[in-house]
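J.: Dropping a structure here in structure tokens format, bear with me for questions.
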Ligand SMILES: NC(=O)C1=CN([C@@H]2O[C@H](COP(=O)(O)OP(=O)(O)OC[C@H]3O[C@@H](n4cnc5c(N)ncnc54)[C@H](O)[C@@H]3O)[C@@H](O)[C@H]2O)[C@H](O)CC1
């Protein structure tokens, strides 16, 4: 897991060091890291560094200071280093160091500045860092120049990933002290490009992180172990309430994903066309026809095998089907681990959530969930601060909330957050969420309910990582749809 921090948390960690007069040392480390990455980018782009051209857009604060010291180091290596002064005041010591090293400071609107920008091989965006309060008017950058953001792209909120309209998209962000949350959520990944973290020695001053980014090692840790003496029941039996006359395909996708993710046994609660299709498309699925008993925990369930169910996956493709809606309600009453998606989400209420419940809304569904919980929030609010609202949902519903989007945000009701960025826009395809539900359901069916809810959130985040990895792997070969995703959902597990 990679810890990520808000801008405020980083500034709080820096504060005691600044009080001890260590600001220059921190800035020197930041500048060194920025210079090293700029040299690498120059080598990649031009095959050399000597005689190349770097322009930095310099704002009023320490972010500009970092870049001025970095430019000085580049000038000393034979790079033509130009600082464009965007504001009346810039970091004095940094500007002096640059001039001593042979670099140049240019006025923002001067013809020289425009010429320098047009000829730049690399542009360093150092207008605003963690001290930004909104965006700033920034010059246009040429399309063919590499853009490196200093700490954060200027105008990108370091905590939320919200962007001001002028924000320049970077190819690379060299960030200092620790990863910033805003680089991995909201619009952050789109604007930050690749992210490199430079250790400037904040060490123990960094407290608990804002969130964690999931890595492949976390997936291995989170997944259930397959016991040598396992049998189909001990591996877990998933009850899947999915499909309707209108949307039978969603059930097929979820069922296929659950089977390929290694569920011990799958019981699909479905009728009509869904049941017919399942019989041929997912023969591993054991069908249960008709309505579930309203009281599944009561007597009578053992005979039809429903009592063997260890977890539920609810919602894919049930649409407006009344019987399936009643089945969702019956399943929820069992108190077994549940993943609820799509049309099942409205049946989970703030009082019926629980520590074995995973809710998987997309943006519109999250808005509806929050509104149903009595919170006044719009889609725009959620997009501006997705982590905040996913946390609200997790707390309001006392459940794990997996908020689907370009970055998937997983929150536990205890306030911990994991983010999966291992994904591709190619996963934005109909049925992709049904596959994720099947995968989470399969993992949940082996879930030990004695384990803490934070581990359940980690399991959900691991599922998002695996789902993303399959998408990434498939995309390398060709474009793909949800059927291929479901077919390959188990492949990273092998
Ligand atoms: N503190 C350290 O020793 C280190 C900091 N590092 C780098 O410093 C920045 C944070 O520096 P800070 O000076 O606090 O903030 P900014 O550079 O982002 O600039 C704040 C400055 O800008 C003004 N301002 C804010 N918003 C706007 C706006 N929209 N338009 C115009 N002006 C604006 C504000 O009033 C302040 O004057 C951090 O990101 C690092 O890059 C290094 O990490 C080393 C250690």
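J.: Being part of a loop (DSSP other than H, G, I, E, B) and in contact with a helix residue (DSSP H, G or I) (Cβ under 9 Å, 6 or more places away or on another chain) is the filter here; which residues of region 73-109 pass it? Don't jump to the end; show me each part of the working.
T.: Start the filter on region 73-109 by keeping residues that are part of a loop (DSSP other than H, G, I, E, B), which leaves 77-79, 86-91, 101-103, 108-109.
Scanning region 73-109 gives 77, 79, 86, 87, 90, 91, 101, 102, 103.
J.: Here's something else I'd like to know. Residues to consider are 23, 61, 51; find the one that is within 7 Å of the ligand (Cβ to nearest atom) and closer than 23 Å to residue 106 by Cα.
T.: Only one candidate passes the filter, namely 61.
J.: Determine whether region 142-150 contains at least one residue that is in contact (Cβ under 8 Å) with a residue 40 or more places away in the chain and within 12 Å of the ligand (Cβ to nearest atom).
T.: Yes, region 142-150 has at least one match.
J.: Just to check your reading of the model, which residue among 101, 83, 67 is in the same structural domain as residue 127 (by TED's automatic domain parsing), away from the ligand (no atom under 16 Å from the Cβ) and closer than 25 Å to residue 45 by Cβ?
T.: The conditions single out 101.
J.: Being over 14 Å from the mean Cα position of the chain (by Cα) and at pLDDT 95 or above is the filter; apply it to region 398-415 and report the residue that is surrounded by the most Cβ atoms within 10 Å (Cβ to Cβ). It would help to see each step written out before you state the result.
T.: Here is the first cut: in region 398-415, the ones over 14 Å from the mean Cα position of the chain (by Cα) are 398-400, 412-415.
So of that shortlist, the ones also at pLDDT 95 or above come out as 398-400, 412-414.
Details: 398: 17, 399: 28, 400: 33, 412: 25, 413: 23, 414: 14.
Here the answer is 400.
J.: Does residue 310 satisfy being in the same structural domain as residue 409 (by TED's automatic domain parsing), over 21 Å from the mean Cα position of the chain (by Cα), crowded, with 20+ Cβ neighbours inside 10 Å and more than 30 Å from residue 184 (Cα to Cα)?
T.: Considered against the rule, which asks whether it is in the same structural domain as residue 409 (by TED's automatic domain parsing), over 21 Å from the mean Cα position of the chain (by Cα), crowded, with 20+ Cβ neighbours inside 10 Å and more than 30 Å from residue 184 (Cα to Cα), residue 310 comes out as yes.
J.: Given the options 253, 206, name the one that is crowded, with 24+ Cβ neighbours inside 10 Å and touching a residue at least 60 places away in the same chain (Cβ under 8 Å).
T.: None of the other options fit; the residue is 253.
J.: Next up: Tell me which strands (runs of 3 or more DSSP E) are completely within region 143-236 and hold 2 or more residues being out of contact with any helix residue (DSSP H, G or I) (no Cβ under 6 Å at 6 or more places or on another chain), at pLDDT 95 or above and farther than 18 Å from residue 31 by Cα, or say none if there are none. Break it down stepwise before answering.
T.: Details: elements: 146-150, 172-176, 194-198, 211-213.
Result: 211-213.
J.: Oh, and also: Which of the following residues is within 13 Å of the ligand (Cβ to nearest atom) and assigned by TED's automatic domain parsing to the domain that holds residue 146: 41, 35, 30, 72?
T.: Answer to the check: 30.
J.: Search region 8-20 for residues being within 11 Å of the ligand (Cβ to nearest atom) and in contact with a helix residue (DSSP H, G or I) (Cβ under 7 Å, 6 or more places away or on another chain), and hand back the single one that is farthest from residue 211 (Cα to Cα).
T.: Among those that are within 11 Å of the ligand (Cβ to nearest atom) and in contact with a helix residue (DSSP H, G or I) (Cβ under 7 Å, 6 or more places away or on another chain), it is 17.
J.: Further, regarding this structure: For the structure I just gave you, tell me whether residue 345 is under 22 Å from residue 248 (Cβ atoms), in contact with a strand residue (DSSP E or B) (Cβ under 7 Å, 6 or more places away or on another chain) and not in a helix (DSSP H, G or I).
T.: On the way: under 22 Å from residue 248 (Cβ atoms): yes; in contact with a strand residue (DSSP E or B) (Cβ under 7 Å, 6 or more places away or on another chain): yes; not in a helix (DSSP H, G or I): no.
Considered against the rule, which asks whether it is under 22 Å from residue 248 (Cβ atoms), in contact with a strand residue (DSSP E or B) (Cβ under 7 Å, 6 or more places away or on another chain) and not in a helix (DSSP H, G or I), residue 345 comes out as no.
J.: May I ask you to verify whether residue 19 is without any contact (Cβ under 8 Å) to a residue 60 or more places away in the chain and more than 35 Å from the chain's Cα centre (by Cα)?
T.: Taking the combined requirement at face value, the residue does not satisfy it.
J.: Another one. Only residues that are out of contact with any helix residue (DSSP H, G or I) (no Cβ under 8 Å at 6 or more places or on another chain), assigned to a loop (DSSP other than H, G, I, E, B) and away from the ligand (no atom under 16 Å from the Cβ): list them for region 110-139, please.
T.: 110, 120
J.: Evaluate the following for residue 309: is it touching a residue at least 40 places away in the same chain (Cβ under 8 Å) and under 21 Å from residue 448 (Cβ atoms)?
T.: Values: touching a residue at least 40 places away in the same chain (Cβ under 8 Å): yes; under 21 Å from residue 448 (Cβ atoms): yes.
Here the answer is yes, as residue 309 does meet what is asked.
J.: Out of 101, 95, which single residue is without any contact (Cβ under 8 Å) to a residue 60 or more places away in the chain, closer than 23 Å to residue 26 by Cβ and surrounded by fewer than 19 Cβ atoms within 10 Å (Cβ to Cβ)? Write out each step before concluding.
T.: Values: 95 fails: surrounded by fewer than 19 Cβ atoms within 10 Å (Cβ to Cβ).
Every option except 101 fails the conditions.
J.: Scan region 369-379 and tell me whether some residue there is closer than 19 Å to residue 463 by Cβ and free of Cβ contacts under 8 Å to residues at least 60 places away in the same chain.
T.: no
J.: Follow-up question, since we're still on this one. Determine whether region 458-476 contains at least one residue that is in the same structural domain as residue 243 (by TED's automatic domain parsing), assigned to a loop (DSSP other than H, G, I, E, B) and touching a strand residue (DSSP E or B) at 6+ places or on another chain (Cβ under 9 Å).
T.: Among the residues of region 458-476, not one is in the same structural domain as residue 243 (by TED's automatic domain parsing), assigned to a loop (DSSP other than H, G, I, E, B) and touching a strand residue (DSSP E or B) at 6+ places or on another chain (Cβ under 9 Å), which makes the answer no.
The values are calculated or read from the model by the stated rules, or taken from the named source; none is laboratory data. Every value quoted in this text rests on a predicted model; they were computed, and no experiment measured them. We place every Cβ from the backbone using ideal geometry, glycine too, and count neighbours over all the protein chains shown.
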